[in-house]
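See structure below.
The values are calculated or read from the model by the stated rules, or taken from the named source; none is laboratory data. It should be emphasised that the depicted structure is a prediction, and the values quoted were computed from it without experimental measurement. Glycine gets a Cβ as well: all are built from the backbone with ideal geometry, and neighbour counts include every protein chain shown. The protein model used for the area step is the full one, side chains on, heavy atoms only, and it has no ligands, DNA or RNA in it. Shrake-Rupley method; radii C 1.70, N 1.55, O 1.52, S 1.80 Å.
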Amino acid sequence: MSKVLVISTSVSAKEKSYSLALLDRFLKHYQAKNPSDEIIKLDLNQVSIAQKTLNVENQATFWDEETKEYINQLKTVDKLVIASPMHNFNIPAMMKNYLDHVLLANETFSYKYSEKGDAKGLLPDLTVQILTTQGAPYGWYRWGNHTDYLWGTWDFVGAKVKEPILVAGTKTKPYSQLEPSKVIDEFDARIKVAAEEF
């Protein structure tokens, strides 16, 4: 039995959110194959550290006891699923705030004992599945690739990152004329394979 942490970052209402529809479909297939796994859901809309942005005024107290709780959570789960839409060509601000808290030297990565200045990831037992959505088709914004950003970030801390699933073009036809769940239907076979292999 595995412990699975599921992080959602959508600011859209559930019925209008493509990333939440993608997450729901992934979890449906995952739980069908792994009914005994413990699923821990973390909606960053409801998490105080995800609302707190690092700045000059709070730098001394930014990494507090609550931060340690979320770092320890990452160290005690086996798997992590992240569902993230693209906001202004990147991850949502609350996801960045969460990462600013948990990406802490000597906790989730370390430069000690590393070679050539490269960091050593301290979360090698964590397996990560990234689920992303974006309104524009893939490649429209060369400078904006939130999927690769998340992939590289979790790889940096030593996690085993599975091939991400990106649902792109949700604001363009034909997807813009469909409900989120109907768009996700188009990707169902791929989602099912990824969920069963996770």
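When you go through Ala105, Ala50, Ala93 one by one, which is the residue that is at pLDDT below 95 and among the hydrophobic types (A, V, I, L, M, F, W, C)?
On the way: Ala50 fails: at pLDDT below 95; Ala93 fails: at pLDDT below 95.
Going through Ala105, Ala50, Ala93 in turn, the sole match is Ala105.
If I go through segment 134-157 residue by residue, how many of them are closer than 29 Å to Leu122 by Cα and either charged (D, E, K, R) or out of contact with any Phe, Trp or Tyr (no Cβ under 7 Å at 6 or more places or on another chain) (or both)?
Residues that pass the stated criteria total 11.
Looking at Asp125, Asp118, can you tell me which residue is open to solvent by 10 Å² or more (accessible area, probe 1.4 Å), among the charged types (D, E, K, R) and modelled with pLDDT of 95 or more?
Asp125
Looking only at segment 16-56, which residues are of a type in the set (Val, Ile, Thr) and either without any contact (Cβ under 8 Å) to a residue 40 or more places away in the chain or within 25 Å of Lys171 (Cβ to Cβ) (or both)?
Just the residues of segment 16-56 that are of a type in the set (Val, Ile, Thr), to begin with: 39-40, 47, 49, 53, 56.
Those that are of a type in the set (Val, Ile, Thr) and either without any contact (Cβ under 8 Å) to a residue 40 or more places away in the chain or within 25 Å of Lys171 (Cβ to Cβ) (or both): Ile39, Ile40, Val56.
Select from segment 170-198 the residues that are without any contact (Cβ under 8 Å) to a residue 40 or more places away in the chain and under 20 Å from the mean Cα position of the chain (by Cα) and write down the one among them that is most open to solvent (accessible area, probe 1.4 Å).
Ranking the qualifying residues of segment 170-198, first place goes to Glu197.
If Leu131 satisfies every condition in (1) within 19 Å of the chain's Cα centre (by Cα); (2) open to solvent by 50 Å² or more (accessible area, probe 1.4 Å) but one, which is the exception?
Here Leu131 clears every test but (2).
Mind counting the residues in segment 21-36 that are surrounded by fewer than 16 Cβ atoms within 10 Å (Cβ to Cβ) and touching a helix residue (DSSP H, G or I) at 6+ places or on another chain (Cβ under 9 Å)? Full working, then the answer.
The first filter runs over segment 21-36 and keeps only residues surrounded by fewer than 16 Cβ atoms within 10 Å (Cβ to Cβ), leaving 28, 31-33, 35-36.
Filter once more, so that each one left must be touching a helix residue (DSSP H, G or I) at 6+ places or on another chain (Cβ under 9 Å): 28, 31-33.
Of the residues in segment 21-36, 4 are surrounded by fewer than 16 Cβ atoms within 10 Å (Cβ to Cβ) and touching a helix residue (DSSP H, G or I) at 6+ places or on another chain (Cβ under 9 Å).
Just checking, does segment 65-79 include any residue being more than 16 Å from the chain's Cα centre (by Cα) and more than 23 Å from Leu126 (Cα to Cα)?
Scanning segment 65-79 turns up no residue that is more than 16 Å from the chain's Cα centre (by Cα) and more than 23 Å from Leu126 (Cα to Cα).
Can you tell me how many residues within segment 57-96 are open to solvent by 10 Å² or more (accessible area, probe 1.4 Å), part of a helix (DSSP H, G or I) and either of a type outside the set (Gly, Ala, Ser) or in contact (Cβ under 8 Å) with a residue 60 or more places away in the chain (or both)?
Residues that pass the stated criteria total 11.
For Asp100, indicate whether it is open to solvent by 60 Å² or more (accessible area, probe 1.4 Å), farther than 20 Å from Thr170 by Cβ and not hydroxyl-bearing (Ser, Thr, Tyr).
Answer is no for this residue.
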